[in-house]
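The values are calculated or read from the model by the stated rules, or taken from the named source; none is laboratory data. These numbers come from a predicted model, not from an experiment. Counting neighbours? That spans all protein chains shown, and the Cβs are built from the backbone with ideal geometry, glycine included. For the accessible areas, the whole protein counts, side chains as well, though only heavy atoms, and no ligand, DNA or RNA atoms are used. Shrake-Rupley method; radii C 1.70, N 1.55, O 1.52, S 1.80 Å.
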Amino acid sequence: SQLLEQVSIGFPEEFWTRYAELQQKKNEESLTTEEFEELIQYSNQIEERNAARLPAIFQLAELQGKTPVELIQELGLQ
């Protein structure tokens, strides 16, 4: 259950809403310098969280006799 908890830890909805707003502004090429820096910070947080949970994903997949990709899909992780 500890591994599943480590894998499932995510960001709050507000985080994803703001991230989506910044991504959309980036695609529209209307980001300010401050927003661009904020988007970089969000992206870094996402990468760090994903990197931190990868070992738990691999361990949990092995325990369940699945591939990490199968587990990620099963859990609906991005």
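Working only within the range 21-37, note down all residues that are in contact with a Lys or Arg (Cβ under 8 Å, 6 or more places away or on another chain) and not hydrophobic (A, V, I, L, M, F, W, C). 35, the sole residue that qualifies. Evaluate the range 3-26: report whether one residue or more is at pLDDT below 95, open to solvent by 60 Å² or more (accessible area, probe 1.4 Å) and assigned to a loop (DSSP other than H, G, I, E, B). The answer is yes; a qualifying residue exists. If you check 74, 38, 48, 34 for being without any contact (Cβ under 8 Å) to a residue 24 or more places away in the chain, assigned to a helix (DSSP H, G or I) and surrounded by 15 or more Cβ atoms within 10 Å (Cβ to Cβ), only one passes: 38. In the condition set (1) open to solvent by 100 Å² or more (accessible area, probe 1.4 Å); (2) under 11 Å from the mean Cα position of the chain (by Cα); (3) of a type in the set (A, V, I, L, M), residue 63 is compliant with all but (2).
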